[in-house]
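Chemist: Structure in structure tokens, see below.
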Amino acid sequence: MRFMGPQMMALAALGRVPEMRHRFGTYFRPRVGPSEDPQLVRDDEKAHGVIDAMGRSAGVLMRGNGAVTAGASLQEAVVLAWYLEDMCRVESLALSTGLSERIRPVSLELGGKNPAIVFDDADMEKTIDGFGRSCFANAGG
């Protein structure tokens, strides 16, 4: 499905693709494909170029021509388009901080319990103790 969201168009104009900075990004593993060709896709050769740029991802940003998402159904492709636009929103915010190169893309296990990011300067004794308690904090009862 081809779409032209405002955040996606801004990133595509910069020649950037969004990194996996939040959960929606994991649907586009290994990463959103970039297509540098600004021309409209009007023949098989151009279509194959977009498919090649997409690779194994569920989406590709086409510089100046929107984005394409691919799903098992039209409904899935529409949801993926919404996810991709939100990825672009988050990436735009990260870029606006000036710290985007220091923010590392991550992929967390979607079914995991209490995923966390531990920084290099963390007090490991307190961190491990906190993880142990948080494991049961939302267990219900």
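We did not get these values from a lab; they are worked out from the coordinates using the rules stated. Every value quoted in this text rests on a predicted model; they were computed, and no experiment measured them. Note that we place each Cβ from the backbone using ideal geometry, even for glycine, and neighbour counts take in every protein chain shown.
Chemist: Of the trypsin sites (Lys or Arg not before Pro) in the range 13-61, which ones lie in a loop per DSSP and count no more than 10 other C-beta atoms within 10 Å? Working shown, then result.
Modeler: On the way: sites: ARG16, ARG21, ARG23, ARG31, ARG42, LYS46, ARG56; in loops: ARG16, ARG21, ARG31, ARG42, ARG56.
The qualifying sites are ARG42, ARG56.
Chemist: Largest first and in whole Å, give the semi-axes of the range 2-97's equivalent ellipsoid, each being the square root of 5 times a Cα gyration tensor eigenvalue. Can you show the working numbers first?
Modeler: On the way: eigenvalues 76, 49, 25 Å².
Equivalent ellipsoid of the range 2-97: 20, 16, 11 Å, largest first.
Chemist: Still on this model: Treat each spin label as a single point 7 Å out from the Cα along the C-beta direction, and report the ALA13 to ALA72 distance in nm.
Modeler: Label at ALA13, label at ALA72, 3.7 nm between them.
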